[in-house]
Structures are given as structure tokens and as C-alpha cells.
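**Student:** Mind having a look at this structure? Questions to follow.
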Amino acid sequence: MARTNVKRRRPPTANQVTAYLLHHLQSLLFSLRKIYQAPTTTIMTVAVIGITLSLPGGFYLFLKNIDAISGDFRSSTQISVYLDLKLNEKQARNLERQIADMDSVSGTRFISREQSLQDFRRDSGFGKSIDTLSSNPLPHTIVVEPGEIDTFAVRNLANSLQAMPGVKIAKLDTEWLERLYTIIEIARRSVVIITILFAFAVLLIIGNTIRLDIQNRYQEIIVTKLIGATDAFIRRPFLYGGVWYGLLGGIISWLIVEIGYLAISGPLERLNLLYKSDMNLITFSFQDFIILIAASTLLGLAGSWIAVARHLNQIEPT
Amino acid sequence: MIEFHNVTKRYESGFEALKNVSMQLGDGQMAFITGHSGAGKSTLLKIIALIEKPTRGQALLNRINLNNVRRQRIPHLRRNIGIIFQDHQLLFDRTVFDNVALPLLIQGYRPQEIAKRTRAALDKVGLLHKEKSMPITLSGGEQQRVGIARAVVHKPMLLLADEPTGNLDPVLSREIMQIFVDFNRVGVTVLVASHDLRLIDELEMPRMTLNAGQLILNDLEPAADGDRFGSY
């Protein structure tokens with residue numbers, strides 16, 4: 001009973017917060033219906049946004065994969081330390097212990113001369129000719145794992161190993177790695193530039209779509225202004241329109257990239273088999289997906305905001 | 001409700017649509033503005049609806065000076081007014097119900113309240129059975145009645161109508177005018193611009209006649225002396 005009494009006394013208008021939220025919900029549904037009612041425009045706009053965003057998205061994934069592969073290389077950076085032939089095994093083992101105790105070294109592996117010879121005989125196929133040799137020409141070898149993977153630190157370590165007594169050659173083969181990293185860095189920056197450019201493109205596409213939308217609904221805007229609608233009220237459905245375009249475009253771009261990667265995964269697996277490597281194709285993580293969708297949605301909002309700010313205020317009843 | 005003190009409106013082209021017009025429309029009154037097309041009827045209504053501003057003189061709505069209303073306040077002032085256009089200005093992408101409900105939506109009414117009041121307004125103009133129709137399927141007279149329902153749904157203090165019967169035949173016109181008279185009976189102030197002199201004569205309502213921007217006939221009591229408010 002008390003409830004009906006309270007109800008009767010309630011004012012006809014909802015309180016401001018409720019009214020505000022209510023209109024947001026209405027604008028959201030209204031803009032969604034508008035999009036649904038004009039499928040051609042929507043599909044075209046969304047497709048353009050999707051294709052545009054799939055480029056930086058695809059490059060990003062490419063880079064992520066390259067990064068993963070090169071990361072393996074990076075962690076496998078080793079220095080091969082070939083010892084003086086005059087050193088016997090005990091001296092060599094002592095030297096290994098000495099190197100292993102160094103701060104900048106994370107691990108060592110000792111390969112004796114005999115072991116080296118056996119390996120060589122097995123792997124090279126020159127077994128017979130090696131047997132003709134009177135003595136073992138191979139030195140003891142210590143494989144050193146650097147503690148840090150920074151190229152400068154690794155090179156320093158190689159230099160100091162080289163300077164140790166009993167060491168013939170400390171060999172570090174990283175030049176090709178450095179080249180690779182430089183190329184990756186160039187690619188990375190290119191992706192940043194491409195992303196910025198294409199984000200701008202999306203901003204313009206959405207801005208233009210919303211601008212046309214505003215023009216198409218010129219009469220409606222005037223009528224609602226005359227009925228007492230505030231600028232914010234009129235703005236809202238257009239902003240939601242931009243949000244929808246951005247959101248749908250983001251999903252399309254994600255689909256395009258995923259399908260693209262599915263298409264190249266076949267040959268890549270064959271390549272994997274040929275190289276006996278176990279590199280796996282990385283696709284978008286859940287986090288990447290969320291970032292992509294959020295970014296394109298934000299671009300949609302920003303694009304429509306620009307269009308609305310530029311064009312809505314110019315429309316006044318006369 | 002409405003006061004004009006020596007209002008002059010000159011458009012950018014140099015055309016003077018209103019020349020030194022003074023008039024006054026009290027709360028709950030109903031009046032007609034007549035005159036040839038181009039005599040300034042629409043301009044007068046536009047000043048009240050805050051679409052145009054006077055070039056000189058003062059226009060007041062509910063004692064609020066319309067000359068210097070801030071842009072952000074305009075929507076809120078317009079909510080006190082119901083405007084009916086000659087070409088009804090319905091939105092053709094939504095139903096009759098949604099058209100009529102729009103002012104309530106704008107003002108943040110609760111959904112149940114919107115449904116109740118919208119149906120009441122449609123009932124008043126005899127179109128409750130058409131609430132789900134699209135405006136394009138209605139006849140001209142029905143469309144105009146939907147326009148009236150939209151103008152009155154939020155119970156404005158003032159109804160402005162610009163040639164509301166311009167496109168209608170005499171029978172329908174009489175019907176429409178009768179709706180205005182009915183609203184006036186329940187206390188709404190009504191100002192109708194029309195050149196349908198025969199119909200106005202029938203209704204025996206006060207009349208203001210404009211000719212080339214000047215008020216040449218005024219059945220209403222004259223406005224207070226403009227100088228008192230300081231015309232500029």
C-alpha cells in the first residue's frame with residue numbers, strides 16, 4: 001500500500017541521473033537500429049574500417065612472430081672458447097671452473113678434445129680420413145652462456161675471455177644477429193608509422209560517415225531543436241553511431257587478420273617440418289584482441305566527435 | 001505571457017520584417033495574427049520561439065528577455081512552448097507514437113509516464129488508434145493532428161501555430177482550429193498565425209493584423225509603454 005502512495009507522489013520526470021542513463025540507453029539502441037536499417041552504408045563503412053585496421057594489425061602480428069623467433073636466437077647466444085692445444089684436460093677443467101665463476105657468465109659446458117673428435121667423426125662423414133691422422137687436431141672447447149644478452153655486454157665478455165691465458169680463440173658470431181635486430185627495429189618503427197597513418201584514415205572515414213549522417217538527418221535535428229532538445233541530446237545518437245562503426249570495424253579487422261594467418265599457416269607448417277623447428281605461429285592474444293577493439297571503438301568515438309563538433313552547431317532552425 | 005515592446009526585426013539582407021511592433025498576450029489568452037504572406041507573421045512567431053532575435057526593441061516571454069538568452073538556455077525555454085508548423089514537420093522514420101513521445105523523451109520523462117501522456121495526447125486529437133502507424137500512411141489532416149499532439153504532449157504554457165491549416169480543406173481546418181480553442185479553454189495560451197480570415201471570423205477571437213511589418217490592427221489590450229523598458 002505504502003508503495004502505491006510513494007508512486008503517486010513521484011514526479012513525472014525521472015531524476016537527472018536516471019534520465020541521463022535512460023537517454024544513453026535509448027541513443028545506443030536508436031543508433032544501433034539506424035545502422036541496422038541502412039545495411040549497405042553500414043557494411044561498406046565497417047568493411048573499409050576493417051580493411052584499413054587489418055593492415056597495422058597484420059604487421060603487428062608479423063612483428064610479434066619475428067620477435068618470438070629472434071628471441072630464441074637471442075637467448076641462444078653463445079661464445080665458443082677454443083683452448084690452447086698444450087692444455088691437458090685437468091688444466092682445461094680448471095679454466096672452465098674459473099670461467100663459470102665469472103659474474104657475467106650464466107653457464108658453461110665442457111667439450112673435451114676426444115668428445116669433439118667423436119662428434120666430428122659422427123657428424124661430418126669424414127670418419128675414415130680422420131682415422132688416418134696421427135694426433136687429434138681439435139682443442140678442448142668451453143661453450144659459455146653469457147649472463148646478459150645485451151650485445152655490448154656479450155662482446156665485452158668475449159674480449160675478456162680472449163685475454164685469458166690458455167685461451168686460443170673466443171669466438172662470438174653475432175654480426176648477423178645484429179643485422180637482424182636492426183631490420184626488426186626498422187620494421188617496428190614502420191609499423192608504428194603505418195598504425196598512426198591508418199588510425200588517421202579511420203578517423204576520417206568515420207568522421208565523413210557521421211557527417212553524411214548528420215546531413216541526412218538535417219530536418220530531424222532542426223525539429224528536435226525546436227522541441228527543446230539540448231545539444232548533448234542531439235549529439236548522443238551520432239556519437240553512438242561512431243562507436244558502433246568503430247567496434248564493428250575492429251571486429252572485422254580482427255577477422256581479416258585471423259583468416260589471413262590461417263591462410264599462411266599451411267605452408268608455414270611445411271616450412272617447420274623442413275627445418276625440424278618447433279616455431280609456432282602466434283596469433284592475437286586475448287589482450288591484443290581487446291586492445292584492437294578498444295582502439296577502433298575509441299577511434300570511432302573520436303571521429304564522430306570531430307564531425308559532430310564541426311557540423312552540429314551549424315544547424316539551427318531558421 | 002508574451003510582451004513585445006517596439007520590436008523591429010531587420011534581416012541581414014536589409015529587409016525589415018517587423019517594424020516597431022508592440023503587443024501583449026496575457027496568460028490563458030488566445031489570439032490570431034493575420035496578414036498577407038510576407039507581412040511578418042512568421043517572424044513574430046520565430047522571435048517568440050527563440051529562432052530569431054529582435055534587432056531593436058524588447059521581446060519578453062514569461063518576463064524573460066528574449067534578446068539576450070544564452071545559447072545553452074534556449075532548449076529549456078523552448079520546452080515551455082508547443083510549436084505547430086504548416087508542414088507539421090513529423091519525422092518519417094518512426095511511428096506516430098514515437099513522434100508524439102519525442103518532447104517527453106527530450107525532457108527525461110519516465111517511460112511509463114511517456115506512454116501514458118503520449119496516448120492521452122493522441123486520444124485528444126482522435127488518433128489513438130493510429131499510434132503504431134508510420135506518419136507517411138496518414139492523410140494530411142491526420143498528420144497535422146499528430147503534429148498538434150506532439151506540440152501539446154508535454155503540456156506547454158504556450159502554443160504557437162504557424163499557418164496550421166494552410167494545406168487543409170475548410171472542414172479539416174475548422175476541426176484543427178477547434179482543437180486549439182479546446183486547449184485554450186483548459187488554460188493554454190495560444191497564438192495562431194493564419195490568413196484564413198473566414199475561419200477566424202467564425203471563431204470570434206482577438207486578432208492582430210500585420211501589414212508590411214507594422215501592426216495595423218490589435219484587438220488585444222495594447223502593450224505597456226515601450227519606453228518604460230527602455231527600447232534600444
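Where a number appears in this text, it was derived from the coordinates with a stated rule and is not lab data. None of these values were measured; they are calculated from a predicted model. So basically every Cβ, Gly included, is an ideal-geometry build from the backbone, and we count neighbours across all protein chains shown.
**Student:** Could you point to the residue in A:Ala158, A:Leu25, A:Ser124 farthest towards the positive end of chain A's charge dipole, with +1 and -1 charges on the Cβ of Lys/Arg and Asp/Glu respectively?
**Tutor:** The residue sitting farthest along the positive end of the dipole is A:Leu25.
**Student:** Counting other C-beta atoms within 10 Å, which of A:Glu145, B:Glu3 has the fewest, and how do the rest follow?
**Tutor:** A:Glu145, B:Glu3
**Student:** A further question follows. On a 0 to 90° scale, report how tilted helix A:231-275 is relative to the longest principal axis of chain A, with both axes built from alpha carbons and the result rounded to the nearest 10.
**Tutor:** 30 degrees
**Student:** Pick from A:Asn159, A:Asn136, A:Asn208 the residue whose mean-square fluctuation is largest in a GNM of chain A, springs joining Cα atoms under 10 Å.
**Tutor:** The residue with the greatest mean-square fluctuation here is A:Asn136.
**Student:** If I model a spin label at A:Asn216 and B:Arg71 as a point 7 Å from the Cα along the Cα→Cβ vector, what separation in nanometres do I get?
**Tutor:** Output for this residue pair reads 2.7 nm.
**Student:** Size of the protein assembly as shown along its principal axes in angstrom, Cα-based, largest extent first?
**Tutor:** Between the extreme Cα coordinates on each principal axis of the protein assembly as shown lie 135, 54, 51 Å.
**Student:** Dividing the alpha-carbon radius of gyration of chain B by 2.2 N^0.38 Å (N being the number of residues), what value is obtained?
**Tutor:** Compactness ratio reported: 1.01.
**Student:** Where does the charge balance sit around B:Thr43 when Lys and Arg score +1, Asp and Glu -1, over other residues with C-beta under 9 Å from its C-beta?
**Tutor:** +2
**Student:** What residue among A:Gly246, A:Gly50, A:Gly125 has the largest mean-square fluctuation in a Gaussian network model of chain A, using Cα springs under 10 Å?
**Tutor:** For chain A, modelled as a Gaussian network with Cα springs under 10 Å, the answer is A:Gly125.
**Student:** Expressed as a fraction of 2.2 N^0.38 Å, the rule-of-thumb size for a compact globular protein of N residues, what is the C-alpha radius of gyration of the range A:130-191?
**Tutor:** Relative to the 2.2 N^0.38 Å estimate, the range A:130-191 comes out at 1.65.
**Student:** Is there a quick way to get the dipole size of the range B:1-44? I mean about its Cα centre, with the Cβ of Lys and Arg at +1 and of Asp and Glu at -1; what is the value in debye to the nearest 20?
**Tutor:** Its charge dipole is roughly 140 debye.
**Student:** Estimate the FRET efficiency between B:Gln112 and A:Ile282 by the formula 1/(1 + (r/R0)^6), using the beta-carbon distance for r and 51 Å for R0, to the nearest 0.05.
**Tutor:** Efficiency, rounded to the nearest 0.05: 0.45.
**Student:** Quote the charge dipole size of the range A:78-173 about the Cα centre in Debye, to the nearest 20; the model charges only the Cβ of Lys and Arg (+1) and of Asp and Glu (-1).
**Tutor:** With Lys and Arg at +1 and Asp and Glu at -1, about 380 debye.
**Student:** Additional query: Note the angle between two axes, namely the Cα long axis of helix A:89-100 and the longest principal axis of the Cα atoms of chain A, as a number of degrees from 0 to 90, rounded to the nearest 10.
**Tutor:** The answer is roughly 30 degrees.
**Student:** A follow-up question, please. Please give the contour-minus-distance gain from B:Ile216 to B:Tyr11: 0.36 nm per residue of separation, less the Cα-Cα distance, rounded to one decimal in nm.
**Tutor:** Stretched fully, the B:Ile216-B:Tyr11 segment lengthens by 71.7 nm.
**Student:** May I ask you to give the average projected area over all directions of the convex hull of the Cα atoms of the range A:207-312, in nm² rounded to one decimal?
**Tutor:** 8.2 nm²
**Student:** Dividing the alpha-carbon radius of gyration of chain A by 2.2 N^0.38 Å (N being the number of residues), what value is obtained?
**Tutor:** The value comes to 1.70.
**Student:** If you don't mind, another one. Taking the simple approach of a point 7 Å from Cα along Cα-to-Cβ for both A:Asn313 and A:Arg33, what is their distance in nm?
**Tutor:** For A:Asn313 paired with A:Arg33, the spin-label model returns 3.1 nm.
**Student:** Too long at a 30 Å Cα-Cα cut-off: which of A:Lys225/B:Lys130; A:Lys34/B:Lys132; B:Lys9/B:Lys116; A:Lys64/A:Lys168; B:Lys41/B:Lys124?
**Tutor:** Going by Cα-Cα distance, B:Lys9/B:Lys116; A:Lys64/A:Lys168 fall outside the 30 Å limit.
**Student:** Given 0.36 nm per residue, what is the gain on full extension from A:Ile259 to A:Tyr20 after removing their alpha carbon distance, in nm?
**Tutor:** Stretched fully, the A:Ile259-A:Tyr20 segment lengthens by 81.9 nm.
**Student:** Could you estimate the translational diffusion coefficient of the range A:24-147 from the Stokes-Einstein equation, with Rh from the Kirkwood formula over C-alpha pairs, at 4 °C and 1.567 mPa s, in whole µm²/s?
**Tutor:** Stokes-Einstein gives a translational diffusion coefficient of 63 µm²/s.
**Student:** Considering the zone a paramagnetic label at A:Gln78 would reach in this model (a point 7 Å from Cα along the Cα-to-Cβ line), which residues of the range A:151-193 have amide N under 11 Å from it?
**Tutor:** Of the residues in the range A:151-193, none has backbone N under 11 Å from the label point off A:Gln78.
**Student:** What is the angle, in °, between the Cα long axis of helix B:140-152 and the longest principal axis of the Cα atoms in chain B? Nearest 10 is fine, range 0 to 90.
**Tutor:** 70 degrees
**Student:** Moving to a separate point now. Just to be sure I understand the model, the point goes 7 Å from the Cα along the line to the Cβ. What's the resulting B:Glu204 to A:Ser70 distance in nm?
**Tutor:** Here the answer is 9.6 nm between the modelled labels.
**Student:** Now a separate question. Find the Rg to Rh ratio for the range A:78-173, where Rh is the Kirkwood radius over alpha-carbon pairs and Rg uses the same atoms.
**Tutor:** 1.02
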